[in-house]
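For reference, the structure is listed below as structure tokens.
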Amino acid sequence: MKLNNLVIKNFLRNLKNYGLYVFGLVFSVALFFSLLTLTLDDTAMQEITGSTPMSALFTIGSVVVVIIIILFVCFANMIFIKRRHKELALFQLVGMNRSKIFRILLLENFFIYFGSLIGGVILGFFISRLLLMILLKIMRVDMMVEMNFSPLALFITAGVFVFIFFILMIQNYVFLKRTSLIKMLKLNKTSENTGQPIGKMTIIFGAAGILMIAAGYYMSTEMFDRAMENGLLLPIYMVSILFLTIAGTYITFKCSVAFVLNMIRRSKNGHVNVNDVLSVTSVMFKMRSNSFLLTVIAVITAISITAMSLSYISYYSTDKMLDSTTPYEYTVDSSENLDYYEELLNENGIEINRIEKSFMHYSVVGTDENNNLQNSEESGVNGNELGIVIASDQEFEGFDVAKNETKVTGTLAILDMYLSFKEGDPVTFTNGDGFERTVEVTETTSEGILPSNLSFGLPALIVDDSVYQELAEKQPAENQEYDMPSELYAFNIAGGDTEEVLDIMDKEDNPPFVSKQMDYNEMVQMSGMMAFIVGFLGFAFLLTSGCILYFKQIDECEEEKGSYTVLRRLGFSQGEILRGLGLKMIISFGIPLIIGLLHSLFAVKSGWFIFGIEMWTPTLIVMGVYTVLYSIFALMSLAYYKKVVKNSI
């Protein structure tokens, strides 16, 4: 038989095993080509980025996708080579030298990779338009999407995948060069250390792994509090947390899971059924031998979910953040400018609702409850007194505050690192000259009453008008020496703000103003682009980790095919065997997912307040979607097992 005929027959025979592998390759090419097409589309980039740093995010995303693809194809290629160990050994037994075997692998991979390249480019061409439509929808940009093919994107994609192809050929050559015939015949027998007993050291290390993860979680909850006391502790905490969680995860897969599953098995006092044999016993040992791989998957899962959650928190919190920092549609810096825009808009048939309010800055006595700043002579920080904005309840509508109470507005989670007010806390105003007035916090809200440029980004306190007048009379004289803002000049459009109004006002010769609509557009476009790119990369990570776990499962299924035949001949039904295998899929896919979810949850909790106002809703949405998509690979693996069990007898 000629070598070419042998290659074709082998390729067709193994094609069913390469199904998801080819799909993964095609989709990887499509993802890279589509993202690259967006990056090279000057019209789209000019419309949606507007700045070099934002457009650089797409370039960084493309590079990360290439790294993901290289790791994916290298690992998958090694799995499939090991699965064909008997076939490759047989070629050597019949007298075929390793050069010819390498040529067989070369030609097979050539058909697979360059066929996938063609299919991926075609799919990516259509996906790129879909991705652009999704991105524009997320960023809320109105733009006509055109079908443009980028020859440069095709050239770069082809070059990248030719480079990956050469890497795989080097990997195949090294494998054939270093693996002797005897090793190749015994490859699967030595690859899984399924016979190692569960000893005392396994128990000790298993407990240590869980404790290391728990310690990492605890440190993550304390990290920013300690960093506020000493900034040098932040990098130390971050490195320590990474080491404890990653090393603890590896030890958990290596020892802890095996120990726990062994305890479950021993609790049955030898009365194990077919479900226990196919799930608990099988996973208990194989998870130990695959501990490094599972650690990588769990860490990748945690990184993906954490990044997607934080980016979605930022996007999800845009409206609430804007209500806190920019509560009015337009803000100007003087009464004259307010008159100017009122006249300008009235000439164009647009009515406005004027807003002119007064407030004042006052000192609040710092306490352990409301102040997280430390006294420092070097930094000039006085942690005993805090400057803050106060306003009268008669000045701002919608507030009715009792005489000895206060309501706190414009609270943001990130401010809790420095300054926090909780319901029931006392707040004492002082003029620094013996006068003090104490009120109690009865309500806190994230909605603001003053723009952040007037409140300096801090909350504003609403007090009863009589208290406000009392404080104004006792206001220290040095407050008047500083040019602190004390007047608000703003307006809302009577019929609601529109782009037409903004176009009328946004002229070079007009007085300066702050527009809520402009701030909203900037925030939603930046956070939307970040959420899109991070979500894109997260999906690529999900596809990679899911496919790798699937390849491992079908590899184990082929090894255990004889066991299913024996069980069927002993009288076990297909349903009984599949119930055990279903439990195995839950354990094999569930444990890495649960560990990844826990890692990401504590990572998000440690710093979510930097990115937005709301944590739980966006985080749970991301986790739920990721879990559903991840579970698809478990169902696909179970479907493969079902087919093998059905044909086992």
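The listed residues are Ala298, Ala258, Ala302, and the only one of them that is aliphatic (A, V, I, L, M), more than 30 Å from Phe532 (Cα to Cα) and in a helix (DSSP H, G or I) turns out to be Ala258. Does Leu567 fit the bill of being within 30 Å of Thr445 (Cβ to Cβ) and either in a helix (DSSP H, G or I) or not hydrophobic (A, V, I, L, M, F, W, C) (or both)? Judged against the criteria, Leu567 is not a match. Considered as a group, the residues in segment 255-275 that are of a type in the set (Gly, Ala, Ser) and touching a helix residue (DSSP H, G or I) at 6+ places or on another chain (Cβ under 8 Å) include one that is modelled with the highest pLDDT, and that residue is Ser256.
Checked against the criterion of being in a loop (DSSP other than H, G, I, E, B), among the aromatic types (Phe, Trp, Tyr) and open to solvent by 30 Å² or more (accessible area, probe 1.4 Å), segment 534-555 has no qualifying residue. Considering every residue within segment 470-493, establish whether at least one is of a type in the set (A, V, I, L, M) and touching a helix residue (DSSP H, G or I) at 6+ places or on another chain (Cβ under 7 Å). Checked segment 470-493: at least one residue is of a type in the set (A, V, I, L, M) and touching a helix residue (DSSP H, G or I) at 6+ places or on another chain (Cβ under 7 Å). For segment 626-649, taking the residues that are β-branched (Val, Ile, Thr) and in contact with a helix residue (DSSP H, G or I) (Cβ under 9 Å, 6 or more places away or on another chain), the one that is surrounded by the most Cβ atoms within 10 Å (Cβ to Cβ) is identified as Val645.
Any residue that is closer than 21 Å to Ser116 by Cβ, at pLDDT 85 or above and open to solvent by 40 Å² or more (accessible area, probe 1.4 Å) - is there at least one of those in segment 36-50? No, the conditions are met nowhere in segment 36-50.
Just one of the listed residues (Tyr641, Tyr630) is modelled with pLDDT of 90 or more and touching a Gly at 6+ places or on another chain (Cβ under 8 Å), and it is Tyr630. Can you spot a residue in segment 278-288 that is among the β-branched types (Val, Ile, Thr), closer than 25 Å to Phe75 by Cα and modelled with pLDDT under 95? Within segment 278-288 (the criterion being among the β-branched types (Val, Ile, Thr), closer than 25 Å to Phe75 by Cα and modelled with pLDDT under 95), the answer is yes, since at least one residue qualifies. For beta carbons closer than 8 Å, sequence separation of 6+ or different chains, a first residue in segment 394-423 that is in contact (Cβ under 8 Å) with a residue 24 or more places away in the chain and of a type in the set (Val, Ile, Thr) and a second that is part of a loop (DSSP other than H, G, I, E, B) and open to solvent by 80 Å² or more (accessible area, probe 1.4 Å), the qualifying pairs are Thr409/Glu447. Of the candidates Val299, Val277, the single residue that is open to solvent by 20 Å² or more (accessible area, probe 1.4 Å) and touching a His at 6+ places or on another chain (Cβ under 8 Å) is Val299.
For (1) under 22 Å from Ser311 (Cβ atoms); (2) buried (at least 19 other Cβ atoms within 10 Å of the Cβ); (3) in contact with a helix residue (DSSP H, G or I) (Cβ under 9 Å, 6 or more places away or on another chain), each residue gets a yes or a no:
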site: Val73; (1), (2), (3): no, yes, yes
site: Met78; (1), (2), (3): no, no, yes
site: Lys82; (1), (2), (3): no, no, yes
site: Leu90; (1), (2), (3): no, no, no
site: Val121; (1), (2), (3): no, yes, yes
site: Leu136; (1), (2), (3): yes, yes, yes
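If the condition is being among the aromatic types (Phe, Trp, Tyr), open to solvent by less than 70 Å² (accessible area, probe 1.4 Å) and farther than 30 Å from Asn275 by Cα, then segment 225-262 contributes only Tyr237. Using the structure shown, decide if Phe11 is assigned to a helix (DSSP H, G or I), modelled with pLDDT of 85 or more and of a type in the set (Phe, Trp, Tyr). So Phe11 fails the test. Of all residues in segment 343-383, those being open to solvent by less than 50 Å² (accessible area, probe 1.4 Å), modelled with pLDDT of 90 or more and either part of a loop (DSSP other than H, G, I, E, B) or farther than 26 Å from Val408 by Cβ (or both) number 5.
Restricting Phe175, Phe149 to those that are among the aromatic types (Phe, Trp, Tyr), open to solvent by 70 Å² or more (accessible area, probe 1.4 Å) and either in contact with a strand residue (DSSP E or B) (Cβ under 9 Å, 6 or more places away or on another chain) or at pLDDT 80 or above (or both) reduces the list to Phe149.
Scanning segment 263-274 for residues that are open to solvent by 70 Å² or more (accessible area, probe 1.4 Å) and of a type in the set (Val, Ile, Thr) returns a single hit, Ile264. Listed by first and then second residue, the pairs linking a residue in segment 121-143 that is under 21 Å from Val160 (Cα atoms) to a residue that is of a type in the set (Val, Ile, Thr) and open to solvent by 70 Å² or more (accessible area, probe 1.4 Å), with Cβ atoms under 9 Å apart and 6 or more places separating them unless they lie on different chains, form an empty list.
The values are calculated or read from the model by the stated rules, or taken from the named source; none is laboratory data. All of these numbers come straight from a predicted model, not from anything done at the bench. Positions of Cβ are backbone-derived with ideal geometry, glycine not excepted, and every protein chain shown enters the neighbour counts. Only protein heavy atoms, including side chains, enter the accessible area calculation; ligands, DNA and RNA are left aside. Shrake-Rupley method; radii C 1.70, N 1.55, O 1.52, S 1.80 Å.
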